Structure formats: C-alpha cells, structure tokens
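What follows is a short report on a single structure.
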Amino acid sequence: MWPVYVLALAGTGFERVAGREYLLSLPVSRRRIVATRLAVVLTQIAAFTLLPSLLLSAMAPLRGQHYPVADAVVHSGILFVAGLGLLGLRMVLRTMLTDAAAYTAAAALVGLVGLFTFIVDDFTPYSIFRLMNGAEYFFNHRVPWSGLAVSATMGMAFNWISMRIVEARDY
C-alpha cells in the first residue's frame, strides 16, 4: 500500500484526472504550475543527493574510515547536475506520452544511451552513469565540467520543451 502514497507524493505525474482539472481551473498560469512543480522536484533531488552523502561522511569514523565533507558535497553536486538531464528527459516524456509508455520509453532510452556511451570511447566522458557516480572526481581529482554542462543543458532544454507543451495543450 505504501508505494501508492509514495507515487502520489513524488511528483511523477500519476495524479488523478480530477486533481489535474481542479489545478488547471485555478487562476494560476500553466507556466507557474510547471515551474513550481519543477522547483519542488529539484528541492527533493537536492535533499536526496546531499543528505545521504553527509550522513555517510558523518558515519565513516564509526568504521575507522575517513570521507571528507568536501568530497561528499562535491559528489552530491555532481550527482545533482548530472541528474538534471535525466529529470528533463522524464518530464518531457511525461508530457508527450501516456504514463506507461513514457516511463518505458525513458528506461529504454537511458539504457541505450548508457550502453552507447560505454561502448564508444569518445563518448565515455559524457556517459550519464559515469558522471553520476563521480568516478572522474574520485580517481582523477577533476570535476567533469564538459559532461556536466551537456547534462545540465539537455535538462534545461527538455524542461523548457515540456513547459511549452503544457502551455499549448488543451486539456
């Protein structure tokens, strides 16, 4: 029973039709609705990336290890920015396709992109999975700026496209 509540609160778009109709009847622009939803989701992602890393850093001495807080914060930032591309992809697919088709297509596309970026050596720096795990930072002590820029740019473009689709759609 708990997954129903989690999905209802997670902002995935599985809200009921009556809730959507009520929301669209309010005297608020669609752009503001989408921007508010995006702000809430970004806040959730920021919390879900930062808090576990800080907890891990705080608990490392219990195991006799050392995980600096600066590394935890940098890894959280890398994880957050790299995830913007996936978030944008999810939002644009959610606005363009039906529920089941959107999430199936997103999973298939992410899997194909991940496979492609692992196979073709020239695209390895832009692998979303390699970006998100922070390997470049932890092994080479460099922040992968080019890959993060591509992911953030794609995420912003996808979010802008989804906002324009929502504004133009007649419900």
Using the alpha-carbon centroid of each, what span in Å lies between segment 48-90 and segment 130-144?
12 Å
FRET efficiency estimate (nearest 0.05) - Cβ-Cβ, Arg31 to Leu54, R0 35 angstrom:
0.55
Specify, per residue and in Å³, the volume enclosed by the convex hull of the alpha carbon atoms belonging to segment 55-146.
131 Å³
Karplus (6.51, -1.76, 1.60) ³J(HN,Hα), θ = phi - 60°, over segment 141-157, in Hz, Gly and Pro reported as x:
6, 10, 7, x, 4, 5, x, 5, 5, 5, 5, 5, 5, 5, x, 5, 5
Which order do peptides 82-88, 101-107 fall in by mean Cβ count within 10 Å, highest first?
82-88, 101-107
Report the calculated FRET efficiency for Ala101 and Phe129 (r = Cβ-Cβ distance, R0 = 22 Å), to the nearest 0.05.
0.40
Please work out the average accessible area per residue across segment 102-171, using the 1.4 Å probe convention, and give it in Å².
64 Å²
Phi-based couplings in Hz for segment 132-139 (Karplus 6.51, -1.76, 1.60; Gly and Pro marked x)
5, 7, x, 4, 4, 6, 6, 8
Convert each backbone phi in segment 29-45 into a coupling constant with the Karplus relation 6.51 cos²θ - 1.76 cosθ + 1.60 (shift: θ = phi - 60°), then list the ³J(HN,Hα) values in order as whole Hz, x for Gly and Pro.
5, 5, 4, 5, 4, 5, 5, 5, 4, 5, 5, 5, 5, 5, 5, 4, 5
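The values are calculated or read from the model by the stated rules, or taken from the named source; none is laboratory data. Not measured: the values here are computed from a predicted model. Glycine also receives a Cβ, built like all others from the backbone with ideal geometry; neighbour counts cover every protein chain displayed. Note: areas computed on protein heavy atoms with side chains; ligands, DNA, RNA excluded. Shrake-Rupley method; radii C 1.70, N 1.55, O 1.52, S 1.80 Å.
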